Each structure stands twice: as C-alpha cells, then as structure tokens.
Amino acid sequence: MKISLLTISAMLHTLSAIGQGVGALPPDTLKTQNLQDVTITSRRAGTQRVGGAVNGVRIGREELFKAACCNLGESFTTNPSVDVNYSDAATGAKQIKLLGLSGTYVQMLTENLPNFRGAAAPYSLDYVPGPWMNSIQVSKGASSVRNGYESITGQIDVEYLKPDNDEGVTVNLYGGSLGRLEANADANVHLDSKLSTEILAHYQDDVGHHDMNHDGFLDQPNVRQWNLQNRWKWKGDKYLFHGGIGMVREQRDGGQTHHTAPNAHHLYKIGVETERYEGYMKHAFILDPEHGTNIALMGNASMHLTDANYGDKHYGVNQKNAYAQLLFETNFTEQHNLSTGLSLNYDYLSEKTTSTRPKETTTGAYAQYTYNLNDKVVAMAGVRADHSSLYGTFVTPRFHLKLTPSETVSLRLSAGKGYRTVHALAENNYLLASGRQLVIDDLEQERAWNYGISSSFYVVLCGKTLKLNAEYYHTRFSQQAVTDYDSRSTEIRITNLDGKSYSNTVQIDATYPIVQGLELTAAWRWNDVKCTYGGQLMEKPLTSRYKGLFTASYKTPLGLWQVDATLQLNGGGRMPTPVDGLWDERFHAYEQLSAQITRWFRHFSVYIGAENLTGFRQKQTIINAEDPWSAGFDPTMVWGPVHGTMFYAGVRINFGRL
C-alpha cells in the first residue's frame, strides 16, 4: 500500500495532538498507528536542545510531569544546570542559581517578555503554578540582545498553556504530607475559528505547622495564594494577537511557634502580604510570509504591592513597571536574517524607607544579524545601545557561533556583556529577618562579561544513541552589588565591588536509553565562584562547590505506568565568617533522593511520590533561634534542605469539552 508523505505528516500531527491533554495518556507516550503494512511511530523527548547559536534546552511538559512540579521553583528537580535554594529559613524565599551565581543575574521572561523584576524577585518562583506551564526554555550565557541587556548568566523563559489548545477543562489536585494543598484548573474555549480564550486558576493553602528540628520556628512558612489569569488569542492570515491579564494574592506567615515564648506578645512573627497585577499584549503583522518579514509590537505592565513584617521591622513596597518593544525581522535569503527593534522600560519603586532612586526610564535600540549556512555554521552578532535616566548611555555587544561539522558533533562559542540596575532592598527584603543591621550603600549599575564554550556529541552505542554534552562558562564582573556577611559580625552590607569577582563553571552530562522505556541521565558540575569581601578574595559563601545528578525514568511499553527517580549530590562550600563559634567554617556535602510513580488512564492520571527520601536536613537553619530579638539572630545561613522527607499524591483530570 502506498502512502504519500503528506498523509504520513498529517497522521503524525494527529497522533501528537491526541496525547496533549493534561489528564490523558502521557504527553510523550509511544504512539503507534497501523496502516495495513505500514507502522508509524513517534516519541517526543521531555528535554530537548534548542536549535540556533544560543546554548539552551527546552523543558517540556513531559519532563515536568516527572515530579509534582507545583510551581516554577520546583520545576528544575531533574535539570543539572539550574539549582533552586532557600534564601533563608524563615520566609520561604527561594532563588535560582545558574552558572554558580544567584538568580538576579538570570533574566526571567514569560513568553519572551521580561518579568518578575525588583520587588517580585524574592518569591517570584512561587507565582507560576506548574500545571499552567507548557514549557520552560533555559539558555546559558549572554543571550540575544533582542530581550534587553539584563541577561548575564542566562535566561529562563516560561511558556504558558495556549488559548488555542484543544478545547476543554483540566484540573490538577495535589496534597503533601507537610500540609500543602493545591488545586489548579485551566479551561479553553474557541469562540470561532480565529478567536480563543483561556482561564487559568490556582489555589494553594499550607495548613501544616511543622518544626522538625525543634528550634521553635516553623520549618517553612504557611502560604495561602490565589492566582488567576485570563488569556486571549486571535489568529488571522496577516495579523496575530495575544493578550491577557492576571493577578496574584498571597499571604505568607512564619516565625516562632506558640509553645516557644511566654506569651503571644513575645513571639517573633513574620508576615508578608503580596498583591500583584499584570497584563501583556502582542501584535504581529505578517508582511511577507515567504521571507519571514514581519513587524511586532509587544509589551507588558505590572503593579506589585508588598507589605511585610519581620519581627518588629516593617517593610512596604509599591513597584510599577511598564515595558514595550517594537521589532522588525526579515530573511534576505535563507542564509541571512536581520532583526532590529526599539524598546522602552519604565520602573517606579516606592519603598517605605529612604529611597534615593525611585524611578528609572530606559530607552534602547538594537540590531542583530544571523548567518546560517545549511545549519552547519550559524553565527549571530548583535549590539544594542540603551540610555538610562540614572546611568546614561551604555552599549551591549553579544556574539554566538555554532559549528556542526557532522550530524554527531556540534560546538558553540559565546561572548557578551550584561548590565543590571540593582533594587537592593526590594530584591533582598528577606534579609530584614536577620538580627544583624542591614546596610545598603549607594550602589552603581552592575556590569559583567560572560564567555562560554559548549559541545554536544551523539554516539551510537549498542544500537542506541548516547547524548554527551560538555561546557565551560566564565563570568567576570567589573561592577557588582556584593552582599557582605564577612567583614562585620553585626551587619550585613550590600556594597559596590572593590576588587575581583568571577565565576567558573564546568559541566558534563550524558543521557542514554538502556532498554526500551528506560532512560538514564548522569551529570556533574563544578563551580569556582569567588568575590572580594573586605579586601580579601574568597569563595562566595553558601554556594556548593559541585553538584552531581543521576536520574532514571522508566515507562512501560503501553505507557500506562511511569516511574521516575532523581538522586542529587550537593557539594560542600564556605560559610560566612563564623561569629563566636556559632557555626562551622564550611558546610559538608549532602545527598537528596526523590521518586514518583504515575498511572496514566484515558482521561486522567494519578501520581504519588516523595521528596528528600534520604531524610537529610540542615540541623541548624536559624542562628540563635532561642533569642530572636538579639543582634545574633540570623535565619539566612541556609545551605541545605530545611525539612525532611515529604510524601505527596495528586490527580490530573481532563474533562474535555463541557
């Protein structure tokens, strides 16, 4: 029987679409269709390397489903490149680390628009529910100049579920042994062939009051969050529109438990109330489909309100941000691409403290040229010039090169500069929980160069493909806002760099399918991160020197059962200079094991799992917990897990069209 290529392509597209319901069969289930004597099979990998010159990976829903993935901060369990750590043991603030440096040097994007800057940074990883995400793209090093000048160590871009996905309603329910309850829902409606809309809803409530190390403080705060978005899409032949609005309300309560103080008036309590409102829009005008010529106007705006109490310290902030970009792109030929654009960013930050720089307006222009020789050589060179109302004019050059001499080997080189405006108190307001005095100097704009080299190899071994990746990145700051715990025992000072500051990162990872359905990944990363504190070049404190990762994922032949396990080995590192012997000079290595079992049905799936099965937790997460009103009280010395083993269970249901 003869089957045309067009028919095969249509069948593959149909088969792929069948598996995309959240509660249906797993998104990367093996899909087989028998057409008399022809068998068509397709499989979609959970993590894929992106094409082009920039070194990046796309983490799809198939990979996100390997763990509970309640929010963005919990989405990197199986990723060897990105670490997520607690910033302190009292507020639950978390931060991403990429290339050994904190998440403030990673540009956060939502669907290619900068987001979660300034006041949103400490808790932003909790603002993106896991079931809402379609994918996450992680790129390392200086990225494209198209998205601005702030990317220093890389970019993380979140893609939400789309309004024009299959119509229907899906629900995810989750419960954990530490008292965390979640409910998520998304609903898509196609109003006609061109217009569709989507509702995303999320509710979280932590009802547990756990103190596993018996220090008198909650191991993690109780968080109650409401999160809602409405998104629209209109798709015509020459014009496309995306737009939406969203809101987040969150109450975060932590601190001492009631049995640790003589009466309630003496309790050290932490309360953080947040309201966030945001909206976005994208307009695309297709001028010449054959040459990919188009003009786009896109932008977003947000208002972020936080009212926080840390013991007897009060902090409030009102941040307003607006961003707009006009861009033009065209392919002169198949080999030559040009992208140019203009951008405008406005930040207003009103804090209930002395603030000398509440406003900044930055206008910019960029041009980026890409040369592609049959995907064998891809070179991307870009430059942008920006003018800040605070820092004047500055130029951002970036260059990426990809060489693919054969189908089994590829090599990438990159170099670029990045800048960042520091909102020190807004980005680090959790430091107010410490008994130390927080001192913030008059800070300059941060500046750094990033250089990288990476390579990928595909080796056929025993009839299967072994995927190998190796990379090295160097980041060097010429100006940096340094958080100094070391110079004075009674204060935490955020000051300008006076000396050297750099990061070296080496990573090797390999993925191999042992047998059908069983895939193993092993990775090793080494960090050399140093900065000058009080005139002395030292290791950056609370940063692991290395990380090892081993993951195993097994799926039964029909894709009805899936078992996933992840083992992490986190290396030791330096602690801030000890005060009166209250903590050791270094912390030691520790391991963590997590696992999940998923049973897939036609219209729903059930999963059970556990985190930190090894049970390891940092014994002393809070210094001087018995005297929280003293200058020696400090909950920011966190380098490991703050709670022990946690079990969870959940169900994903696809109701289809209602």
About the Cα centre of segment 449-499, what is the dipole size in debye to 20, counting +1 per Lys and Arg Cβ and -1 per Asp and Glu Cβ, all else neutral? 360 debye
Please list the non-local residues whose amide H lies under 5 Å from the amide H of Asp88, H modeled 1.01 Å from N, same-chain partners needing a gap of 5 or more. Ala93
Suppose a student asked you for the relative contact order of segment 95-195, using Cα pairs under 8 Å spaced at least 6 residues apart; what percent would you report? 26 percent
Hey, what's segment 275-328 come to in accessible area per residue, 1.4 Å probe, Å²? 44 Å²
Volume in Å³ per residue [convex hull over Cα atoms, computed for segment 365-462]: 160 Å³
With 0.36 nm assigned to each residue of separation and the Cα-Cα distance removed, Tyr554 to Ala510 gains 14.2 nm
Rounded to the nearest 20 debye, dipole of the chain from Cβ charges on Lys, Arg, Asp, Glu: 1480 debye
Roughly how many nanometres apart are two label points built 7 Å out from the Cα toward the Cβ at Trp629 and Leu390? 3.6 nm
Whole-Hz Karplus ³J(HN,Hα) for segment 281-294, in order, using 6.51 cos²θ - 1.76 cosθ + 1.60 and θ = phi - 60°, x for Gly and Pro? 8, 9, 10, 10, 10, 8, 8, 8, x, 5, 9, x, 8, 8
Alpha carbon Rg of segment 150-287, scaled by the compact-globule rule 2.2 N^0.38 Å: 1.47
On a 0 to 90° scale, report how tilted helix 5-18 is relative to the longest principal axis of the chain, with both axes built from alpha carbons and the result rounded to the nearest 10. 40 degrees
With the dipole of segment 43-139 defined by +1 on each Lys or Arg Cβ and -1 on each Asp or Glu Cβ, the option from Gly51, Tyr105, Tyr86 whose Cα lies farthest towards the positive pole is Gly51
Work out from phi, with θ = phi - 60° and the Karplus expression 6.51 cos²θ - 1.76 cosθ + 1.60, the ³J(HN,Hα) of each residue of segment 48-57, listed in order in whole Hz, and give x for Gly and Pro. 10, 6, 7, x, x, 7, 7, 7, x, 10
Spelling out what I want: for every residue of segment 218-224, take phi, set θ = phi - 60°, compute 6.51 cos²θ - 1.76 cosθ + 1.60 (Karplus), and round to whole Hz; glycine and proline get x. 4, 5, 8, x, 8, 10, 10
Calculated Rg and Dmax of segment 461-583 using C-alpha coordinates, Å: 20.7, 62
Whole-number D in µm²/s for segment 118-216 (Stokes-Einstein; Kirkwood sum over Cα pairs; 10 °C, 1.306 mPa s): 94 µm²/s
A 18 angstrom limit on the alpha carbon distance is what I want to check against. Which of Lys97/Lys540; Lys97/Lys547; Lys500/Lys547; Lys66/Lys162 exceed it? Lys500/Lys547; Lys66/Lys162
Once the in-chain neighbours fewer than 8 apart are removed, the aspartates and glutamates whose Cα is under 16 Å from Lys238 read Asp288, Glu290, Glu329
Of Leu191, Tyr323, Gly255, which is farthest on the positive side of the dipole of the chain, counting Cα position, with +1 on Lys and Arg Cβ, -1 on Asp and Glu Cβ, and the Cα centre as origin? Leu191
Sequence-separation-based contact order of the chain, relative, with Cα cut under 8 Å and 6+ spacing, percent: 13 percent
For segment 172-320, size of Cβ-based charge dipole, Lys and Arg +1, Asp and Glu -1, in debye: 420 debye
Given the -39500 (n - 2.57) contribution per DSSP H run of 4+ residues, what per-residue ellipticity at 222 nm results for the chain, rounded to the nearest 500 deg cm²/dmol? -1000 deg cm²/dmol
When N is the residue count of segment 528-658, what does its C-alpha Rg come to as a fraction of 2.2 N^0.38 Å? 1.49
For the chain, which whole-number percentage of the solvent-accessible area (1.4 Å probe, protein heavy atoms only) is attributable to carbon and sulfur atoms? 59 percent
Under the Debye formula (equal points on every Cα, no solvent term), log10 I(q)/I(0) of the chain at q = 0.07 Å⁻¹: -0.46
Among Leu560, Asn147, Met298, the residue whose Cα sits farthest towards the positive end of the charge dipole of the chain, when +1 is placed on the Cβ of each Lys and Arg and -1 on the Cβ of each Asp and Glu, is Leu560
Just how much of Arg488 is accessible, in Å², when a 1.4 Å probe is used and the result is rounded to the nearest 10? 130 Å²
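The values are calculated or read from the model by the stated rules, or taken from the named source; none is laboratory data. Remember, it's a predicted structure, so these values are computed and weren't measured experimentally. With ideal geometry, Cβ positions are generated from the backbone for all residues, glycine too; neighbour counts draw on all protein chains shown. Please note that ligands, DNA and RNA were not included when accessible areas were found on the heavy atoms of the full protein model with its side chains. Shrake-Rupley method; radii C 1.70, N 1.55, O 1.52, S 1.80 Å.
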